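The values are calculated or read from the model by the stated rules, or taken from the named source; none is laboratory data. A quick note: this is a predicted structure, and the numbers were derived from the prediction, not measured. Quick reminder, even Gly has a Cβ in these numbers, built from the backbone with ideal geometry, and neighbours come from all protein chains shown. For accessibility, only protein heavy atoms count, side chains too; no ligands or nucleic acids. Shrake-Rupley method; radii C 1.70, N 1.55, O 1.52, S 1.80 Å.
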Amino acid sequence: MGRVQHHLWVTCVLLLQGGLIQSGDAQVLVEFQSGPLYRVIGYPLTISCNVSGFTNPSAQQDFRFSFYKPNKPDTEILIISTDDPNFGMATHSRRVMDGKITVERRSVTSVLFKVLSLEEGDEGVYECFTPNKEAKFGGKYNDRTSVKVIKDTLTASSIGPASLSLSEGDALTLQCLASSNTFQHTHRSVTWYLHGDGEAKPRPVISLDRNLIVTPGPGFEQRYRDGFIGLDKVEDARYRLKMSRIEMSDAGSIYCQAQEWIQDTDQSWYSMTQKDAQPTNLTVKAIEVAPDTGSMGVKIKVNKPQLQIGERLDVTCTVDVQGMTGQFFSVAWIKDDRELAKIGPTGVLSVAPEYEGQQREGELEVVRMGERTHLLTRQRVTTEDQGVFHCRAWSHEFKNWGSPVGPGQDSRTELITIKDTESDLAVAMDTQTGNIIEGGELRLICKVTGVKNQLSVTWKRRSASVATGPYSDIISLSQVGVLDVGAEFKQRKVVTLRPTVDTFVLELSDVTSSDAGTYQCTVTERGAGANHNVRSQIANVEIQSIESLLKVQLASRGAQVTVGGEADLICRVRGPNVPVNVRWSLKREGESSPEDILTLSNTGDISWRGDQSSYQLTVTTSPGQVHHKLRIIQASRREAGQYKCEITAFSQGRYREPQSSNQLAVSIQTPESALTLTSSPSLLDQSLNTDIHMECSVAKATSESSRFAVTWLAQKNEQGNQTVLSSDRDAVETLGEGLSTEPRVSMRRHEGRSFVLTIRQARSSDSGRYFCVVEEWLQAPLGQWYNLLPSSAAIELRLKETVSDLALDKTNKELAVREGDGVELTCTLTNGASDPTSLYTLTWFYMKSGSSAFNVPLVIVGHDGILNYPEDQRNHGPQDLRGRLIFSRPTHSTFQLDLQRAQQGDSGAYLCQVDQYKLSNDGQWEQTASDKSGTTNLTVKRTESALTLTSSPSLLDQSLNTDIHMECSVAKATSESSRFAVTWLAQKNEQGNQTVLSSDRDAVETLGEGLSTEPRVSMRRHEGRSFVLTIRQARSSDSGRYFCVVGEWLQDPLGQWYNLLPSSAAIELRLKETDPGSSPESGCRTEYVLTFFIPIVCLLVMLIIVLSIKLKRRGSAGNKKQLPSLWAEENPLKPVPE
């Protein structure tokens, strides 16, 4: 029991987790073969179980199988598992250990559940469960199917001798009876097997499958195509094997095997059971013959062409062949183009069916008079023997009796006439049974007049399916009272009687539909000598089938029933008194197929399929009919629909075709509602911005146990009704669209029968007519709920404006700030701030620029002082507000909202709404007024670029084949934290700008196409703000104008990078040719000389200048006076006179 509880707990947890964790469609799917599956006691049961949808399809999955009995549908019995050898309970563990219950794995996700031999207690519901091995759950991890265990009713028996000895080339006919009494719709198949002497296993000769398709077995195909092997279904349960020419290899044991098939719900056919009939041991004797040669001629001779009735007729056939020695022939006597008798090359005789009785009585004989002469003798002819006769002969090869050599040869024809002797013998036949019914008795009377001598009678029949053709013998009674039954009737209850001298009676019991046809009574009077008088009479007999006589009709006493009431459905069955199965079914409205309620078998057993507690069944019998009454008790809506009864007759050991009655509709009506409502008040005048309460009550109910579903409807401005709120019978509420989608509407119940609708903070648009629609629900006797017609009450709501002095500053403002700065938003009360009895609720709203989402609430400060951040701002408002919004109230009339670290995404329109609350008479705070401020349009701008560049030098003259260095530096940046992206462009020969090299803000370089693709270009950064472009081994094509384009990147408060407008600097590069005779070494020497001698020359020049000045001063000191000093301190400037 603990294991069962654990398994149930795991299943519940998996189902719960699968519903809570998994998002999206289910993936895992366990599929058990659908039922119901009908299987037979003592035979195996095999059911497939597959699983799909796991994340790893190659992972091996485990399977667990359990069982639920019909009488205990909630008790789980564990059977077998692939992951636990001790999984099964004691009820099944022994069969599991003995290998009688197994699980065969077909793949990692598919197994077969097998029961070796079913027992009666195995009927029930089987479950296949797959435990989850993955991290997540989702899907269906189990599946169930029902198994019905039925009895084995299949029987198979052979008709014929236990052993038989024939010669090679003879004909063989065997019959087999196969039937079953299974109530379900099944098909049968029959296969004839040959177990040859010394063979390991039997070989199939020919089979008739469940679809009545004949198929020859391996090795017998050619003989089947040649017509030498056949299988016929003579009657419903009789099967006949015909082998025209047996061979030596046919020796052995021959038997038939019957199988019963049923079609499962997946439309596949399943072999439920099989039975083997008793075998017939066949011995085949070989005949040695020599091959034929030469041509052939056939002659006919009769003893007398004109005969009297009772005389003997001799017909001789002679075959003339060149090289007669060693030749073998088959000879046939043909009368009126129908074969009368035939003798084969091995001497085996076959006669037409209508002459078989005469052959047995010695009236017809065929003998071989010699190698070339064959004689047919009819001892006492009758008028039926007259006609046109001729002979036909065939030549045969040695040991190949089945295939004649060439076509048959015919003789000339002979006309035989039979004259009747004078006689007063007359025959009259009459049927005494009236309408003959299947399963009843056929009784025919043959009366004879003018009798003078001894009489014999022969009864014959020609099937109704054959318009013309021979009669087959039923039974004959000789003059001395000897009975002889025909081959086809040896297993039947048939007798012929002679109650009086001139009367013969035929009685055939347990007739079938195949017994219909033309019956012939032939009476023979033996005269003196060889003279016989023969008289015949025929009568047509029709057999009425059980199905054609049974009639079924469905009637009702009260087809309209009130819930909880009763109704009688009567299924009248008229016709012969035969056992029948009665099946009741119900097709509900909207369902595609009917559902079985119960089945009453012909043995009296009742098998319930539907809800047994809702029905009662009684059966009454009266002359000529049987009444099956199905009573519906404690009716509910589930019993409404189209009823039908179906009968299946059981006769002659088999079930007949089912017959259905008419459909009868039964409607289940609900009782009349007594529901009465009251509304208080019916006219309601209220003020705006107050809470509205509208009440609707049940004054009278249909039942004290009633439940109520309530729907409030609103009708405004002559528009249609709109649902405001609905509450089902379990008080589960659903908001409609009749008012705003804001949660201002609610409903409460008082003692389950009073319903109060509350509209908070009523608006002018809420005015209108409101309807309280109440639907009453009652519970049927079996627990189902049903509803009655609804009732409604109306309430008129009129709203009027309230007088309030509340007013806000409605001035629209424009505000622009830089990104990262703080923002102050104010909301000012221009009136109403001085009221000490009022409290205020403040809501700040926001609308993003270019967005359709208006009035997104950012922050709400309630009249109770509680600060709230609505969830809506997460989707439509500025990002990360909770850490950047600061609310304050500097004065009684001013509400302030500070927005820190402004971002571009904060740009938009801001406004506030103030709701005024006052204390009501009942001590509750109620809203009395509301107003909104003007909008403040906030614009958050990006930082403007202050970037300044310098380039050194702006004109650069260099020589070819030297390394060029061009420098570009940031003289001034917008921010100390700026980063720079640099692009060097080249403009040559008046062409457009070409990118030489670019480096992004992270110093990742990318070569352009402005110079050769050889790696001659590079750039280095100095302290992040100086960018040196180097061109190695400059070429004449490198001359041109170069631009250093620098883009400045800044980081916003959220850490996102953005760029400012770029700045650029230009450098002109001119390259000149070097001295052709110079070499790198001379260049180096020149540079060396210049480096050391230029400073020395400069020093010498300076020294000469100094000495020159001193000498000049000395010379002028003796000749001139000293001039006044120009320094201001020594000689201050005087103003120039005007």
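Summary table below
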| quantity | calculated |
| --- | --- |
| Set of lysines near Lys1110 by C-alpha distance (under 28 Å), chain-local residues within fewer than 8 positions excluded | Lys1120, Lys1121 |
| Relative contact order (percent, whole number), the stretch 525-674, Cα cutoff 8 Å, 6+ residue spacing | 28 |
| The stretch 937-1016 - accessible surface per residue (Å², probe 1.4 Å) | 56 |
| Cα shape, the stretch 463-580, gyration tensor, a/c 1.5 rule | prolate |
| Using a Förster distance of 41 Å, the FRET efficiency for Leu349-Arg498 (Cβ separation, nearest 0.05) | 0.80 |
| Additional length obtainable on full extension of the chain from Asp226 to Glu944, 0.36 nm per residue less Cα span | 247.9 nm |
| Cα→Cβ-extended label distance, 7 Å offset, between Glu589 and Ser792, nm | 2.3 |
| Which of Ile41, Pro870, Leu688, positive extreme of dipole for the chain (C-beta unit charges) | Pro870 |
| Ala674-Asn868 FRET efficiency (beta carbon distance; Förster radius 60 Å; 0.05 resolution) | 0.80 |
| Computed [θ] at 222 nm, deg cm²/dmol, the chain (DSSP H ≥ 4; -39,500 (n - 2.57); rounded to nearest 500) | -2500 deg cm²/dmol |
| On Cα atoms only, tilt of 2-20 relative to the major axis of the chain in degrees | 50 |
| Leading residue at positive end of dipole, the chain (Cβ point charges), from Thr841, Val563, Ile1096 | Ile1096 |
| Accessible area per residue, Å², the stretch 565-647 with all protein chains present, probe 1.4 Å | 48 |
| Globularity ratio of the chain, using Cα Rg and 2.2 N^0.38 Å | 1.84 |
| Distance from the stretch 58-129 to the stretch 913-985 (C-alpha centre basis), Å | 73 |
| Cross-link partners of Lys299 among aspartates and glutamates (Cα-Cα below 16 Å; sequence separation of 8 or more within a chain) | Asp314, Asp320, Glu371, Asp410, Glu414 |
| Kirkwood-based Rg to Rh ratio, the stretch 510-575, C-alpha trace | 1.54 |
| Cβ-placed point charges (K, R +1; D, E -1), dipole of the stretch 506-654 about Cα centre in debye, nearest 20 | 300 |
| Separation of the Leu164 and Gln722 label points, Cα + 7 Å toward Cβ, nm | 9.2 |
| Size of electric dipole in the stretch 694-841: Cβ of Lys, Arg +1 and of Asp, Glu -1, about Cα centre, debye, nearest 20 | 460 |
| Gained length - Asn855 relative to Leu29, 0.36 nm times residue gap less alpha-carbon distance | 292.6 nm |
| DSSP beta bridges in the chain [antiparallel fraction, %, rounded to 5] | 90 |
| Pair Arg749, Asn71: separation of 7 Å Cα→Cβ label points (nm) | 4.2 |
| Cross-link reach list, lysines versus Lys813, counting only Cα pairs under 24 Å and skipping chain neighbours closer than eight places | Lys848, Lys932, Lys941 |
| Residue-span extension gain [Glu824 to Glu119] - 0.36 nm each, minus C-alpha spacing | 245.1 nm |
| The chain: angle of helix 1080-1117 to the longest principal axis, Cα-based, in degrees nearest 10 | 20 |
| Dipole moment magnitude, nearest 20 debye, the chain about Cα centre, only Lys, Arg, Asp, Glu C-beta charged | 1260 |
| Fraction of accessible area attributable to carbon and sulfur, the chain (%, probe 1.4 Å) | 50 |
